[in-house]
1. Spelling out what I want: for every residue of segment 54-61, take phi, set θ = phi - 60°, compute 6.51 cos²θ - 1.76 cosθ + 1.60 (Karplus), and round to whole Hz; glycine and proline get x.
2. Find out how many positive minus negative residues lie around K85, taking Lys and Arg as positive, Asp and Glu as negative, among other residues whose Cβ is under 14 Å from that of K85.
3. Kindly state, to the nearest 0.05, the FRET efficiency for E98 paired with S11, given R0 = 22 Å and r defined as their beta-carbon distance.
4. Per-residue HN-Hα couplings for segment 16-21, Karplus 6.51 cos²θ - 1.76 cosθ + 1.60 at θ = phi - 60°, whole Hz, x for Gly and Pro?
5. Past 18 Å, Cα to Cα, is the threshold; run K33/K85; K82/K104; K27/K88 against it and keep the listed order.
6. Around T95, which amide H atoms from residues at least 5 apart in sequence, or from another chain, sit under 5 Å from its own amide H, with H modelled in the peptide plane?
7. Determine one quarter of the surface area of the Cα convex hull of segment 1-68, which equals its mean projected area, and express it in nm² to one decimal.
8. What ranking of T53, T95 emerges when the number of other C-beta atoms within 10 Å of each C-beta is taken as an exposure proxy, fewest first?
Amino acid sequence: MAPPERPFPVSELEDKIHGHTINYKEKSRKLPKDFDLKKDCELMELVQYSCTTPTQQMERALASGSEIARMECFPIVRLFRKCVKGGKVFHVETTAWEGDLAWKPPMTQNDTTVEDQTPEQPSAGYWSSFWSKK
C-alpha cells in the first residue's frame with residue numbers, strides 16, 4: 001500500500017513534482033528548472049472499475065420489484081505521467097490536471113456561457129466533486 005499523501009490543489013501539481021516523501025520525510029528530486037511534465041514524461045492511462053456491492057444490488061432489485069440482483073460496474077479512467085530522471089522512474093497522477101475530465105476553474109459571468117465549458121461525458125459532474133477548486 002502506498003503511504004498516505006497530503007492533498008493539494010491541482011494548480012500546485014507542477015511544483016509538487018520537484019519533491020517527494022520517503023519514510024514521512026520530504027526529499028527533493030533535483031529536477032532541472034526547465035523540466036516539463038507534459039514534454040518530459042510519457043502519458044499513461046489506467047482504467048479501474050467501481051462496482052455495486054451485494055447490498056446495493058439487493059436494494060435495487062427490491063426497489064424495482066425484480067428478483068434478479070445485477071452487479072453494475074462503472075469505469076474510472078486515471079491518467080499518469082511516467083517520468084525518468086537519472087535512471088530512476090517516478091509516476092505522477094495527472095487525472096485532475098489533464099484529459100477530458102480535468103478540473104477547470106469556475107466560469108464568471110464575463111466568460112463564455114457555462115454550456116460552452118461543460119464536458120460531453122455524463123459523469124463529469126461526478127468527477128468535479130473530487131477536484132480542489134484552488
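1. x, 5, 4, 4, 5, 4, 5, 5
2. +4
3. Efficiency, rounded to the nearest 0.05: 0.95.
4. 5, 5, 6, x, 7, 10
5. Going by Cα-Cα distance, K82/K104 fall outside the 18 Å limit.
6. L79
7. The orientation-averaged projected area of the Cα hull of segment 1-68 comes to 8.4 nm².
8. Exposure proxy ranking, most exposed first: T53, T95.
Each value in this text was obtained by applying a stated rule to the coordinates, not by laboratory testing. Nothing here was measured: the structure is a model prediction, and the numbers come from that model. Quick reminder, even Gly has a Cβ in these numbers, built from the backbone with ideal geometry, and neighbours come from all protein chains shown.
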